[in-house]
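The block underneath contains the structure these notes are about, expressed in structure tokens.
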Amino acid sequence: MQRIIYKTEDGGVAVIIPAPEYLQDHTIEELAAKEIPKGVEYEIVDTNTIPSDRTFRNAWEYTA
């Protein structure tokens, strides 16, 4: 499974988790094109690269 990550305007990190139903008819790249604001850099990553401990999720950083 994959996730889409990008840096938000306030410096946080947004993680988009695609619904399995969406991926039956669309690609994750199509989801990114639909959901990520124009001009914002993003990355498609494997699920295991995102920390599972959400305790300090507001301290997560993403550098494109």
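Out of the chain, which GluC sites (Glu not before Pro) are coil in DSSP terms and have no more than 13 other C-beta atoms within 10 Å?
Those satisfying the criteria are Glu9, Glu41, Glu61.
Taking 25 Å as R0, compute the FRET efficiency from the Cβ-Cβ separation of Thr63 and Met1 and round it to 0.05.
Efficiency, rounded to the nearest 0.05: 0.65.
Let me make sure I get this right: for the chain, a, b and c are the square roots of the gyration tensor eigenvalues over alpha carbons, sorted descending. Under 1.5 in a/c it's rounded, otherwise prolate if a/b > b/c, else oblate. Which is it?
oblate
Modelling each spin label as a point 7 Å along the Cα-to-Cβ direction, I'd like the Glu29/Val45 distance in nm, to one decimal.
Label-label distance for Glu29 and Val45, simple model: 2.1 nm.
What part of the accessible area of the chain, given as a whole %, is carbon or sulfur when the probe is 1.4 angstrom?
Solvent-exposed carbon and sulfur of the chain make up 48 percent of the total.
The values are calculated or read from the model by the stated rules, or taken from the named source; none is laboratory data. Note that the coordinates shown come from a computational prediction; the quantities given were computed from them, not determined experimentally. Cβ coordinates were reconstructed from backbone atoms using ideal geometry, including for glycine residues, and neighbour counts include every protein chain displayed. What goes into the accessible areas is simple: the full protein's heavy atoms, side chains included, and nothing from ligands, DNA or RNA. Shrake-Rupley method; radii C 1.70, N 1.55, O 1.52, S 1.80 Å.
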